[in-house]
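Undergrad: One structure follows; several queries about it will come next.
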Amino acid sequence: MQLHISRSMRSITISSSSSNGFIDLMKIKVAARHISYRTLFHSILILAFLLPFVFILTALVTLEGVNKCSSFDCLGRRLGPRLLGRVDDSGRLVKDFYKILNQVKNEEIPDGVKLPASFSHLVSEMKSNQYDARTFAFMLRAMMEKLEREIRESKFSELMNKHFAASSIPKSIHCLSLRLTDEYSSNAHARKQLPSPEFLPLLSDNSYHHFVLSTDNILAASVVVTSTIQSSLKPDNIVFHIITDKKTYAGMHSWFALNPVSPAIVEVKGVHQFDWLTRENVPVLEAVENHNGIRNYYHGNHIAGANLSDTTPRRFASKLQARSPKYISILNHLRIYIPELFPNLDKVVFLDDDVVIQRDLSPLWEIDLKGKVNGAVETCKGEDEWVMSKHFKNYFNFSHPLIEKNLDPDECAWAYGMNIFDLRAWRKTNIRETYHSWLKENLKSNLTMWKLGTLPPALIAFKGHVHPIDPSWHMLGLGYQNKTNIESVKKAAVIHYNGTATSWIQFDQPYGLELELEWKKTSDVGGM
């Protein structure tokens, strides 16, 4: 088939070849009225050249979703900007909306604005009230700020409830103490001597491993003693000295008299039974317990005057914990008097009542303290800012002239709760007197030097007398750490629940650890 155009451009002939030559199939005559044949020819050539490109572009657009268009108008909207090099209007709209949001961000929300209950309600109101972009931005901002306030208030409320629940006496523990006190008065077995007379000489025998525990919590004391004995390779070489207050003494004595932990030896004494603990010897502690400012701080309303908008929920929880009344209890300060309370002992391990022992602690007695008094885990070497990156600046007010003059803000802090005390070295120092003098200064300054319990004055008093021990001996932070490394917990010798949560308080499980502790099997007091 051939296409033949005459020289005059007035006719177009389409012919086909055959055995007899060419046969004209069609002959078209063209009249040149409004357009020249040359122009028509060039137009046909241009169209023939563009058709392949139009086909390819159409195919690409179809692959990108133009196949969803149901009209040529849709196709034109897709192809137009591409062919003409125009930018989609959506980019301009986004920029305009950003501009409106920035304007609205710094303006006050009008009073009395009625906010939709949800995003779907907001969309519905936009349609019915024909909101402009500015009104929509105001409504969106107001809704988000309202939700942020509600979430924040809810978080603070949750922390307050947890704080009061954890610091209150659970009914089961309260009943336990009352029933044990009743047993002490009516049951001779509950009043039997602890330890038995034949074991009394062992209370001052330095060939044994002596532990000191000061607490008024019977359940906690049971956990510490039981877990220590179960983890020990030589339980028959353990002597526990438990010190409690007068009101708890009968119940504490009954518990260990009725639940012996042989072959270990347990001694239970009340503070009233120590002749050395008189008002003349501890006048500062007497002042601490009776100081009105201190009592109001630790026993008063923990929320009154607090600026919740100027703190984070977690910092607020930390401040609540720091204001626990236990920090001004004489039982909490007793550790500073251990050399005088046990004059015949050379070395002891002091344990807090919120720890659980998972490993044999006898190697602690083999650690060479190099002449130092206190073997403790340092709390400035870890990455966790809440537990293991503590320096003096975390505990003291360095705007106070005495603190600024005498202390280094970057000095490493250490942990109370599991400490090896060399009592022979301690008796050669003035640690107790230093502790007393700084307590007096803080009282004079109306608690402006520090406000967190017994650790700050101990950090000053033991300054230069601390020997760091391996961190695996003592792991802190349980009870308020959300991202505790479970493997590290399993390897630690002593795990310390120094937050409000514990593994045995169900409501605080998310802040504790899901551990099955062996002591639960032998310390079940659920029926008491």
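Undergrad: Say the cut-off is 18 Å between C-alpha atoms; which of Lys393/Lys444; Lys246/Lys440; Lys381/Lys490; Lys269/Lys372; Lys347/Lys428; Lys372/Lys490 go over it?
TA: Result: Lys393/Lys444; Lys246/Lys440; Lys381/Lys490; Lys269/Lys372; Lys372/Lys490 exceed 18 Å.
Undergrad: Would you please give the residues with an amide H less than 5 Å from that of His474, counting only those at least 5 places away or on a separate chain, with H modeled from the backbone geometry?
TA: Under 5 Å from the amide H of His474 lie the amide H atoms of Ala493, Val494, each far enough along the sequence or on another chain.
Undergrad: Quick one: length gained pulling Glu108 to Leu178 fully straight, 0.36 nm per residue minus the C-alpha distance?
TA: 19.3 nm
Undergrad: Please list, in order along the range 442-451, the HN-Hα scalar couplings obtained from phi with the Karplus expression 6.51 cos²θ - 1.76 cosθ + 1.60 (θ = phi - 60°), rounded to whole Hz, x for Gly and Pro.
TA: My calculation for the range 442-451 gives 5, 5, 4, 8, 6, 6, 8, 8, 6, 9 Hz in order.
Undergrad: Go through the range 96-105 residue by residue and turn each phi into a ³J(HN,Hα) via Karplus (6.51, -1.76, 1.60, θ = phi - 60°); whole Hz please, and just put x for glycine and proline.
TA: Couplings: 5, 5, 4, 4, 5, 4, 5, 5, 5, 4 Hz.
Undergrad: Give me P(r) over the range 344-404, computed from all C-alpha to C-alpha distances, binned every 10 Å, as integer percentages.
TA: 15, 31, 37, 15, 2
Undergrad: Related question: For the range 117-276, which whole percent of the accessible surface, found with a 1.4 angstrom probe, sits on carbon and sulfur atoms?
TA: On the way: 4640 of 8340 Å².
Looking at the range 117-276 in its full context, I get 56 percent from C and S.
The values are calculated or read from the model by the stated rules, or taken from the named source; none is laboratory data. Just so we're clear, the structure is a prediction, and the values are computed from it rather than from any experiment. The accessibility values were calculated without ligands, DNA or RNA, using every heavy atom of the protein model including side chains. Shrake-Rupley method; radii C 1.70, N 1.55, O 1.52, S 1.80 Å.
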